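Peer 1: My structure is below; once you've seen it, I'll send some questions.
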Amino acid sequence: MIKKEYFSVKEASQLTGIPPYTLRYWEKLGIIKPEISEGRRKFTLREIERIKLVKSLLEEGYALKKIKNKLKKMKNLLVDGIIKEKLREIEQLLNQALEILKK
C-alpha cells in the first residue's frame, strides 16, 4: 500500500505507465489537474487513480475529448450527490429544531 501523500511527474509516470510529456499534455487539456507548488506538479493518489482510469478508457478506444466529458459528468454526479446529502442533513436539523421549539 502506498503511504505517500504527493507524487512528482516522474513518480506518477512510473506508477501509471504514462510518459511525463503525456501527463503534461493531459493537464493542458484539463483532463487531469495536479496541484502546483513552488512551480512543481504534485499528484495526489486520487489523481494517480484518475490517470489510470484515463489510460484504461483510452485502451478501450475512447477519444480524449469523450474521456474529458465523461470525467466531468462523473464529477458533477458526485457533487450533486454530496449537495443532496448535505441538504438532507440540514433538513433533519431543521426538523429537530422545530420539534424542540414545539415543546
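The values are calculated or read from the model by the stated rules, or taken from the named source; none is laboratory data. Just so it is clear, the model here is predicted, and its values are computed rather than measured. When we count neighbours, we look across all protein chains shown, and the Cβ atoms used for this are built from the backbone with ideal geometry, even at glycine.
Peer 1: State all residues of the stretch 24-57 that are among the aliphatic types (A, V, I, L, M) and either under 21 Å from Lys73 (Cα atoms) or under 12 Å from the mean Cα position of the chain (by Cα) (or both); if no residue qualifies, say none. Outline the logic, then answer.
Peer 2: Restricting attention to the stretch 24-57, the residues satisfying the condition of being among the aliphatic types (A, V, I, L, M) are 29, 31-32, 36, 45, 48, 51, 53-54, 57.
Those that are among the aliphatic types (A, V, I, L, M) and either under 21 Å from Lys73 (Cα atoms) or under 12 Å from the mean Cα position of the chain (by Cα) (or both): Leu29, Ile31, Ile32, Leu45, Ile48, Ile51, Leu53, Val54, Leu57.
Peer 1: Report yes if some residue within the stretch 69-82 is modelled with pLDDT under 90 and surrounded by 14 or more Cβ atoms within 10 Å (Cβ to Cβ); otherwise report no.
Peer 2: Start the filter on the stretch 69-82 by keeping residues that are modelled with pLDDT under 90, which leaves 69-82.
Filter once more, so that each one left must be surrounded by 14 or more Cβ atoms within 10 Å (Cβ to Cβ): 70-71.
Checking the stretch 69-82: at least one residue is modelled with pLDDT under 90 and surrounded by 14 or more Cβ atoms within 10 Å (Cβ to Cβ).
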